[in-house]
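Here's the structure we're looking at; comments come further down.
The values are calculated or read from the model by the stated rules, or taken from the named source; none is laboratory data. Note that the structure is predicted; figures quoted are calculated from it, not measured. All Cβ positions, even for glycine, are placed from backbone atoms using ideal geometry, and neighbour counts span all protein chains on display.
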Amino acid sequence: MTNPLEPARLQAALDEIHRAGIPGVFTEVRDGDRLWRGAAGVADIETGRPVTADMRHRVGSITKTFTAAAVLQQVESGQLDLDTSIGHYLPKLVPGARGEAVTVRMLINHTSGLAEYLPYAYPSLAAFPAVAETRPDSLDENRHTRFDPLELIELGVSAPAVGTPGGTPGIYSNTNYLLLCRLLELVTGTTAEKCITRNVIERAGLRDTELPEGTRVDGPHSRIYEAWFGMLEPPRDYSDFDMSWVGPAASLISTVADLNRFFALLLAGEIVDRSSLAQMQHTVPVISFEGKTIEYGLGLHRIEVPGHGMFWGHDGSVWGAGAISMTRADGARQFSAAINMQRWNRLDERGRPQPHPIDGALSAFYRLVM
């Protein structure tokens, strides 16, 4: 069912990711009680400072698993019901018939039909997902913009629907998770950030994980570089960025060690109970930002690896930073990895992202560790 850890092969696979074009990559791989950490490349292109496996990093939508777990805890305590409408709880944010049709469950598994707000908040991304018609200007313009989450929600709710409530495939949307954050505030009387920190991050004993208040990453970290499909050349440093454009939908800072610890505890039934975990692992097809159909549950993504079992976890990206964390169903094999560049694929004459050696190097590493 599993292959033993082979440090030389693992390091060689990381080195290949760096050679393919990622400035820096780092990981932690666990197999039973065995542990391997590795890194390749640089944390700073200008200085050549090396990347190390203990660095803190923006992990993007892996945050959604933390937020989903916090919501499931409120379901366990009777404060929320998965199949009650969002209109019952937040009638002013999702009014009328749509609010009555969209349930809490549909928000968590992205089958609400609510549109992504980002192309409306960032004007130069208005044509997304037609990436050839987008420009990265809005990224610079909003480096230090403090977005109001209620205004972002309104943009997503007022946009044309992308699906029928409960219909599949679902469409991945940050609007769903900002609404879940408002739900957490409603039933706990505190901010979503404080709720997730107290009930999930601290409960799991994650010492290097936080939902940031400022625009920088504290402690040892890598600079992060955004290429936006070759339109930013050289890739631009977005290490200093106000993350209110996603909040507790994708702003988490963590380490690969903390991510492995979190998913190990979650899948062992120690963050939410076993019945809640079963709900999280009930998947539906969802179309990701990249246009791929994935098997998505309540904040968990499922991957089947032929001959090596089923893995659960999440991946994520923000401007310049990417991460993934996957744990096998039996808990015996898991890995978390982080990279410090995003959207490296250039576009062909039809505006489609072209294959890049980075894609193959990352896939080879994922196959090896899983």
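The residue that is nearest to the chain's Cα centre (by Cα), counting only those in the range 258-286 that are closer than 20 Å to Val318 by Cβ and of a type in the set (A, V, I, L, M), is Leu259. Looking only at the range 165-189, which residues are of a type in the set (S, T, N, Q), in contact with a helix residue (DSSP H, G or I) (Cβ under 8 Å, 6 or more places away or on another chain) and either closer than 24 Å to Thr283 by Cβ or free of Cβ contacts under 8 Å to residues at least 12 places away in the same chain (or both)? Within the range 165-189, Ser173, Asn174, Thr175, Asn176 qualify. Assessment of the range 191-200 against the conditions (out of contact with any Ser or Thr (no Cβ under 9 Å at 6 or more places or on another chain), modelled with pLDDT of 95 or more, surrounded by fewer than 22 Cβ atoms within 10 Å (Cβ to Cβ) and basic (Lys, Arg)) yields no matching residue.
Checking each residue in the range 81-117 for being touching a residue at least 60 places away in the same chain (Cβ under 8 Å), part of a loop (DSSP other than H, G, I, E, B) and touching a strand residue (DSSP E or B) at 6+ places or on another chain (Cβ under 6 Å) picks out Asn109, His110, Thr111.
Okay, residues lined up against (1) in contact with a Gly (Cβ under 7 Å, 6 or more places away or on another chain); (2) buried (at least 21 other Cβ atoms within 10 Å of the Cβ); (3) in a helix (DSSP H, G or I); (4) among the hydrophobic types (A, V, I, L, M, F, W, C):
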position	(1), (2), (3), (4)
Ser138	no, no, yes, no
His144	no, no, no, no
Phe147	no, no, no, yes
Leu150	no, no, yes, yes
Leu155	no, no, yes, yes
Thr164	yes, no, no, no
Gly167	yes, no, no, no
Asn176	no, yes, yes, no
Leu180	no, yes, yes, yes
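The criterion of being of a type in the set (Phe, Trp, Tyr), outside any loop (DSSP other than H, G, I, E, B), closer than 30 Å to Pro50 by Cβ and in contact with a Lys or Arg (Cβ under 6 Å, 6 or more places away or on another chain) does not hold for Phe335. Of all residues in the range 45-80, those that are touching a residue at least 60 places away in the same chain (Cβ under 8 Å) and over 23 Å from the mean Cα position of the chain (by Cα) total 4. On the given criteria, is Leu139 within 23 Å of Glu295 (Cβ to Cβ) and either in contact (Cβ under 8 Å) with a residue 60 or more places away in the chain or of a type in the set (Val, Ile, Thr) (or both)? Judged against the criteria, Leu139 is not a match.
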